[in-house]
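Down below is the structure, laid out as structure tokens.
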Amino acid sequence: MKDLKQCREEIDIIDQQMIELFEKRMNVAKDVVLYKLEHDMPIFQSDREMQVIEKNVNRIQNPQLKKYAEIYIQDMMNISKSYQASHIPIHSSYDLKEPHYQNIVVGFQGVSGSFSEHALESYFGSDTKRKNFQQFEDVFKALQDNEIDYGVVPLENSSTGAINDNYDLIRDYGFFIVGEQNLSISQHLLGLKGTKLEDITDVYSHPQGILQCTQFLSQYPQIQSHEYVNTAISAKYIANQQNPHFAAIASKKAADLYHLDILEENIQNVKTNSTRFIIFTKHLERVKDATCVSIVFTLSHKIGSLYQVMKIINDNHINMLRIESRPLLDTPWEYYFYVDFEGDLEDQNILLALEDMKAHTSTLRVLGNYAKK
């Protein structure tokens, strides 16, 4: 048996050889990326990566070491890709347009009195020309067809989480987030004039409105909940139905607009309830004091792929704000990942980090650059 001193001496010699080979390999990796840039070739090819891993693992003679060799080769290739990404020229990768808020039309889902309209007014001003739509996707279609200049939709609630359909719509339509507006949300139980709480048998609201008020509703098992398109539309529905047994969960503004009584105030589960709305348009914009970048990416289905992206964020001292996953509908058990992190697309460090992330993802798209509120 070798003694410890001899083992350490041998490791030192091997390490010296390995570090010399590492430097040679990285220099060749640099030559590869420069050649590909010169000849306008794809920089990162996942099929080539898998071939390299498989070829080298098969060279291992000790079967017990094969799984460790695979990890070693993968890590080495990840380091190589990061180094190659650092040689990709960082010029204006993102065409940032100047924002324009004069003579614009802004779209929102719902009717007058909806929280989306409140968010629109808070962000753009109460005099802004607006157009309302029945469904969230109708807002996206309207922007696609140039009926509106910007859209406003909710993206997540502090107590009930993400509104996943709107995540997917932003991705699918290829639009960009250029702003956000946070609203404190107070939900009220609304009924016809003179109605009493004990008379109510049915309540209508947007699914999020119902979810935000489950604790209150659980106290009244006789009340049946019905999902409706929008909180304000449900208030309008109650006003039109003139049924004293019907109620809506909606805002105070909706109560005023549709001449309803507030039967119970602030019935949301969490008194500090708030919703984050996003403002989106067809182009990325140059946002004054931008503090947040949003991206969506997909990964190859292998161990450590998500870790590599998180490591890049960490290594570049970037503060990640949130991460959300959504399933790839055509590929079971694989996901889109939505990530928000602090930064600005005019910051060189952020641009370098994004190029590095692209080297470790199957697809990556910047969704937005905006100021958090």
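None of the figures in this text is laboratory data; all of them are computed from the coordinates on show. It should be emphasised that the depicted structure is a prediction, and the values quoted were computed from it without experimental measurement. Methodologically, a virtual Cβ is constructed for each residue, glycine included, from the backbone with ideal geometry; neighbour enumeration extends over all protein chains shown.
Between the helical axis of 231-241 and the longest alpha-carbon principal axis of the chain there is an angle of about 30 degrees. Going from the fewest other Cβ atoms within 10 Å to the most, the residues S158, S218, S116 appear in the order S218, S158, S116.
Against the chain, whose longest principal axis comes from its Cα atoms, helix 164-173 is set at around 70 degrees.
For the range 320-373, report the % of Cα-Cα distances exceeding 14 Å. The proportion of pairs with Cα distances above 14 Å equals 63 percent.
In a reduced charge model with +1 at each Lys and Arg Cβ and -1 at each Asp and Glu Cβ, the range 83-242 shows a dipole moment near 300 debye about its Cα centre.
Check cross-link reach from K193 to the lysines: straight Cα distance under 30 Å, and skip same-chain residues fewer than eight apart. Qualifying lysines at Cα under 30 Å: K131, K236, K252, K253, K271. Across all directions, the shadow cast by the convex hull of the chain built on its C-alpha atoms averages 25.8 square nanometres. Remark: the Q51-K372 segment gains 111.2 nm on full extension, using 0.36 nm per residue and subtracting the alpha carbon distance.
Using only the alpha carbons of the range 127-197, what is the convex hull's orientation-averaged projected area in square nanometres?
Details: hull surface 28.9 nm².
So the mean shadow area of the Cα hull is 7.2 nm².
Applying 0.36 nm per residue to the separation of Q144 and R171 and subtracting their alpha-carbon distance, the gain on full extension is 8.4 nm. Projected over every direction and averaged, the convex hull enclosing the alpha-carbon atoms of the range 219-294 yields 8.4 nm². For the range 67-166, the spread of Cα positions along the three principal axes, ordered from largest to smallest, is 62, 36, 24 Å. If the viscosity is 0.692 mPa s and the temperature 37 °C, what Stokes-Einstein diffusion coefficient in µm²/s follows for the range 188-264 when Rh is the Kirkwood radius over Cα pairs? Reported coefficient: 280 µm²/s. Counting only lysines at least 8 places from K373 when in the same chain, those with an alpha carbon closer than 18 Å to its own are K288.
FRET efficiency for the pair K311 and D40, taken as 1/(1 + (r/R0)^6) with r the Cβ-Cβ distance and R0 = 35 Å, rounds to 0.75. Just tell me which aspartates and glutamates come within less than 13 Å, Cα to Cα, of K129; anything on the same chain fewer than 8 places away is out. Within the straight-line cut-off, K129 pairs with E117, E121, E147, D149. Helix-only arithmetic for the chain: the sum of -39500 (n - 2.57) across DSSP H runs with n ≥ 4, divided by the residue total, places the mean residue ellipticity at 222 nm at -12000 deg cm²/dmol. So if we plug the beta-carbon distance of D127 and T291 into 1/(1 + (r/R0)^6) with R0 = 41 Å, what FRET efficiency do we get, rounded to 0.05? So the FRET efficiency works out to roughly 0.90.
With respect to the chain, whose longest principal axis is taken over its alpha-carbon atoms, helix 46-57 is tilted by about 40°. A straight line joining the Cα centroids of the range 323-373 and the range 244-293 runs 27 Å.
Of the GluC sites (Glu not before Pro) found in the range 291-373, the ones in coil according to DSSP and having at most 16 other Cβ atoms within 10 Å of their Cβ are E334, E346.
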